[in-house]
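The structure appears below as structure tokens.
The values are calculated or read from the model by the stated rules, or taken from the named source; none is laboratory data. Keep in mind it's a predicted model, so treat the numbers as computed, not measured. Backbone-built Cβ (ideal geometry, glycine too); neighbour counts: all protein chains shown.
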Amino acid sequence: MPIPSPRAWLQAHRTGLRRAGWTLLGLYLLYLFAANLFLNSAIGERVANRKPDRYHARWDWALSAYPGHIHASGVVMGGHARTNRWAVAATRADGRIRVLPLLWRTVSFGTIRAHDVSVHVSRVAEDKLPSKREGRGWTLDFPAITTPSLLRLDFYQARVSGRGDARFVFTKQLQGGPMAVGASTLRMPEATLSVAGVELLRGGRLEFGLAIPAHIRERAQGREKFGILDAYLRAEGAAPAIDLSARHGEALPLGAPGQAGHLRADLVLSRGVLRPGSRLDWAAPVHALDAEGRPVRYPLGAALRTRREAIELARRMPRTRPGAPWLQADLRVDDRRLGPDDWLRPVRALNGRLRTHWPQLPLRWIDTLLDDLAWLEVDGRGDLDADIVLADGQPRPGSRMDLDRLGLAARVLDNRFAGQAQARVRVLEQAGAPRTEADIRLRHFALGPEARPGQVDLRGRDLRLELVSAGPLAEFQQHLRARLRFEDAEVPDLRSYNRYLPGASARLLGGSGLASGDLHLDREGGMVDGHMRLRGRDVRLALGPSRLSGNVELDSRLRRLQVGERRYAVEALSVGLDGVRLEQERGGQAPWWARMRLEQGELHWREPFEVNGRGTVEMRDASVLLGLFAERKAFPRWIGNLVDSGRAQASGRLRIRDQELVFDHVHASNDRIGLQARLRIAGGQPDGDLYARWGVLGMGVELQPGQRRLHLAGAREWYESRPALLPE
């Protein structure tokens, strides 16, 4: 049969073709209506935001011209996965979804093109766990997300702003499956780059590339991805200068106005290893103040070169005039790995020599280095003179660093020592291992409670703080031992120490004195053991309603019972009282004295102190002990013989806790007298029992808040029937 011509075939099937065309047109119009209604109504928003805590999206309006195609305006998307939160915004975006891969549980996009894009990725404390894995999860496939107008990228602490083009390739299988980042790039002709708020590049050319192979989270999570990625960074442009005059309070004082420096970088990273040929050059002026406070400017340059065997670093600041700062550093890192498993690895592989003399240098950077020693603070300006030789990251014996006129503060036992100091740091050799010693001297210092800034409890001169550490430099804090010493510091007002006493039960009413201390500290600034002495003059003390005055000498030795706690064994505590008078006693009574020792004691260092122990006392006579119970006129006449019967010995138990002061099992005697007593002062109110014996005469005193009762008949039996206040 002859083959019909196309024209004849079309004429023969004209009706069927017309019907098919109308059907396709109807289906297309139906699609346009349904798809665009879906995209521009609450239905599409609800579908896209079924789990808004994990993923959310919104758009001003959107349209779809054919199946799989989407054009949207005013797009904002965000999500939360594990400890990462991200958000993307664009003025408009075009893309398409491939239909057939949906059959294989894959959401695959064609090229997505977005305009005026901003990206923000941050780390948060809340860990958003993935959904429970149930079989194979869906796969998200983004072969290419592109933009000719990336405006800003915030990636954790790094920020890039400007206008450039970017390409991002990404694949992720949900429910714990693998994730991969393909060859992604960023190019900006005029970019500003900052890290942690410190501007590193200003209006310069920036190129960045990144690729991460497919991996599951168990293999590399968080910063561990640094060890498996490939990346490159090329940058050239203006870099900030160092401003030591206006930004001296910052650890990295970058960002001087006016003339800036220049940065040129070409760095390539492969699986966490810096590739040979990588290089960086940086030169910038340093703005500072001279000794007279006049602004000065010095040139500073640094260079990095990566060889096959090492990374070489050089830094120079030439001496421009006598007395001006200068710096010369030639260093080598014998390890090109920068992986996150050990960020200090480059430090441990550092070799070379650094020499500098720099007057009036801001010292905030030292405080940054001592970040693990939270009890030590260094700030302000000082004069630095250093000559350090490094081998495998360790200062070699003979290395030194001298600092003068630095501001130093040390927090010990909730108190803050502060003053201007000089420090001498030396590296020595001991038994074939390095040993670092820092001798710090505060010419003048003040001490006050950390919780009450501005209050001064102690002023002194020549405080010595000795720091000693053995082992690697990177472990300096772990092996640190410290000793703090001062002699005869002035205590202008003893009342400032009432915070350690039990409130109204025992408090200081006045007096001044001199204090000395010799404390051994651990790396946390906690006292391991200490020897403290106090000499007080014209001290006035209240014990409940009783008032005493006189001179005091206290000498104590404490030893910590357990690491991390503030409970101390009282190895020795002696108190000498001289010239003591009971203020409620009138008349020409001779001044009283006593020598006290606390044995088998324990002290909990807090506010107020908690003290337990057994003590002994040698005293001029029993007058003060009797005076705590009543004035002499309240006793029988023969009690005066007890008061004047001469030197007495006493022993007993002591407890200070919260607002309570307790003496119990007190036994005092000499050749003629005998005394037994128990006394509690709580909230300023005394109560207790006293039994006094002289020959065949005996007397008991029952002391209760607001009244006293004498027991003359059967006094001994009465006293023995009374309950003890403390266990024996």
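Observations, loosely collected:
- Listed conditions (1) free of Cβ contacts under 8 Å to residues at least 40 places away in the same chain; (2) part of a strand (DSSP E or B); (3) over 27 Å from GLY601 (Cβ atoms) are all met by VAL701, apart from (1).
- Positions within the range 705-719 being exposed (fewer than 12 other Cβ atoms within 10 Å of the Cβ), outside any loop (DSSP other than H, G, I, E, B) and touching a strand residue (DSSP E or B) at 6+ places or on another chain (Cβ under 8 Å), in sequence order: ARG709
- Selection count where residues are under 40 Å from the mean Cα position of the chain (by Cα), surrounded by 14 or more Cβ atoms within 10 Å (Cβ to Cβ) and at pLDDT below 85, scope the range 121-152: 3
- Within the range 513-537, tally of residues that are surrounded by fewer than 19 Cβ atoms within 10 Å (Cβ to Cβ), over 24 Å from the mean Cα position of the chain (by Cα) and either at pLDDT 95 or above or not in a strand (DSSP E or B) (or both): 8
- Failed item in (1) assigned to a strand (DSSP E or B); (2) over 14 Å from ALA410 (Cβ atoms); (3) within 27 Å of the chain's Cα centre (by Cα), with GLN478 passing the rest: (1)
- The range 26-49 residues that are not assigned by TED's automatic domain parsing to the domain that holds ALA72, paired with ones that are part of a loop (DSSP other than H, G, I, E, B) and of a type in the set (S, T, N, Q) (beta carbon under 7 Å, 6 or more apart): ALA35/SER64; ASN36/SER64; LEU39/SER64
- Of all residues in the range 364-397, those being within 29 Å of ASP334 (Cα to Cα) and at pLDDT 75 or above number 15.
To keep it simple, each residue is scored yes or no on (1) surrounded by fewer than 13 Cβ atoms within 10 Å (Cβ to Cβ); (2) among the hydrophobic types (A, V, I, L, M, F, W, C); (3) at pLDDT 85 or above; (4) not assigned by TED's automatic domain parsing to the domain that holds ALA506.
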{"site": "ASP658", "(1), (2), (3), (4)": "yes, no, yes, no"}
{"site": "ASP664", "(1), (2), (3), (4)": "no, no, yes, no"}
{"site": "SER669", "(1), (2), (3), (4)": "no, no, yes, no"}
{"site": "LEU679", "(1), (2), (3), (4)": "no, yes, yes, no"}
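- Just one residue in the set ARG499, ARG540 is outside any strand (DSSP E or B) and either modelled with pLDDT of 90 or more or buried (at least 17 other Cβ atoms within 10 Å of the Cβ) (or both); that residue is ARG499.
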